[in-house]
Structure formats: structure tokens, C-alpha cells
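Colleague: To start, I am sharing the structure in question, which I have written as C-alpha cells.
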Amino acid sequence: MRRPLALLFITSICGFGGCGSPKVASEPAATPTPAVAEPAATPTPAVAEPAVTPTPAVAEPAATPTPADPAPGATTAAETKEGMLVYEELPKAQSVRAYTGAEFFLEGAGEREVLRPSAAVSRDRLLGLAGKRVRVRAEWTEGVLPRPDEPAPLGANNEPMRRGAGWRVLAIDAL
């Protein structure tokens with residue numbers, strides 16, 4: 001009794017011709033239609049475009065940087081300062097002062113500024129005047145950033161500190 005009921009159930013789901021095919025056994029099988037070839041498109045000949053002659057570039061005048069915003073490593077106009085020239089030997093251990101190379105300072109008017117030797121005033125000349133009151137003509141230099149692969153202490157803005165920033169001495173006189 002269970003067999004005919006199961007057979008009836010299966011045939012009602014799948015149909016009389018077999019599962020997935022609801023066609024009747026008396027229908028002939030469909031023959032596939034042959035694919036029709038599309039006519040080949042004829043290429044259109046390429047049209048040569050006229051050559052474009054470049055317009056000569058007009059050189060614009062270069063913008064001069066303002067002293068308030070110098071480029072990295074740039075210098076500003078020279079200033080004259082007075083004070084006591086102080087020499088402090090660079091520490092042998094790693095420190096910010098050793099990294100920046102700050103060994104000469106000008107103390108005066110409640111300030112302490114870093115002095116740098118230059119081509120005009122050598123390190124030996126600055127050493128000879130250490131501990132004396134001096135007048136210097138100097139220009140500010142921003143210093144240089146380290147190479148990307150070089151370790152460096154971080155500054156207040158969380159970027160690597162510059163090396164060599166300070167007042168580059170152009171002339172010095174003992175007072």
C-alpha cells in the first residue's frame with residue numbers, strides 16, 4: 001500500500017517524463033538550431049589627426065620666500081646680538097644636545113641662543129672667545145632633517161628634530 005502512494009507522490013513532483021522535464025513522451029525531442037554567423041564588420045580606415053605643435057611655455061617669475069616662512073634649511077637676514085659667549089662640550093652619551101650639535105651659546109638679555117660656526121667664523125675662533133662678552137652678526141638657519149632611515153629624537157610636534165638649527169655666526173667682535 002505504501003508503494004503506490006510513494007510512486008504517485010514522486011510522479012506528481014517530477015512529472016510523467018522524468019524529473020525536471022514536464023514534457024509528454026509523445027513529443028519529439030527539440031533539435032538545436034545552428035548558430036547564425038554575424039557578418040564581419042569592416043574596419044573603418046584611421047584618419048590621421050593633424051600634429052599639434054606645443055605652445056612655448058612662458059617662464060613665470062619665481063616667488064621669493066618671505067623671512068617669516070623660510071624654506072627648510074634656509075637662512076634669514078643677518079641680525080646683530082650681544083652677550084656672553086658660552087662653550088659647553090658636547091656630551092659623549094646620546095642626548096638631544098649631542099644630536100643637534102649645540103655647543104656654543106650666546107647668553108644675554110635673559111635669553112640663551114645657539115650659535116653655529118660658519119665659513120666666515122670658524123669653530124676655533126669661537127673657542128678662543130669663549131667666556132668673553134661679544135657682539136655677533138648672525139643669521140638664523142633652520143638646520144636639516146635626518147634621513148628617513150636614521151634614528152632621531154622627536155620634537156614637540158612629534159616629528160624628527162632638525163640637526164644644525166641656530167644662529168650661524170658671520171662676524172664676531174670681543175667687547
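Colleague: So how do Trp167, Trp140 line up by other beta-carbon neighbours within 10 Å, fewest first? Spell out each step's value before the answer.
Modeller: Values: Trp167 24, Trp140 20.
Going from sparsest to densest Cβ surroundings: Trp140, Trp167.
Colleague: Neighbouring Cβ atoms within 10 Å as the yardstick, rank Lys132, Lys81, Lys92 fewest first. If you can, show how the numbers build up before the last one.
Modeller: Working: Lys132 12, Lys81 17, Lys92 7.
The order, fewest Cβ neighbours first, is Lys92, Lys132, Lys81.
Colleague: Please report, in debye to the nearest 20, how large the charge dipole of segment 79-174 is about its Cα centre when each Lys and Arg carries +1 at its beta carbon and each Asp and Glu carries -1 there.
Modeller: Working: 15 positive and 15 negative charges, 47 e Å.
The dipole magnitude comes to about 220 debye.
Colleague: Now a separate question. Sort 108-121, 147-160 by the packing proxy (mean of other Cβ within 10 Å over each peptide's residues), most packed first. Walk me through the intermediate numbers first.
Modeller: Working: 108-121: 15.1, 147-160: 9.7.
Final packing ranking: 108-121, 147-160.
Values quoted throughout were computed directly from the atomic coordinates according to the rules given, and no laboratory measurement underlies them. As the structure is a computational prediction, the values presented were derived from the model and not from experiment. Reconstructed Cβ throughout: ideal geometry from the backbone, glycine too, with neighbour counts over all protein chains shown.
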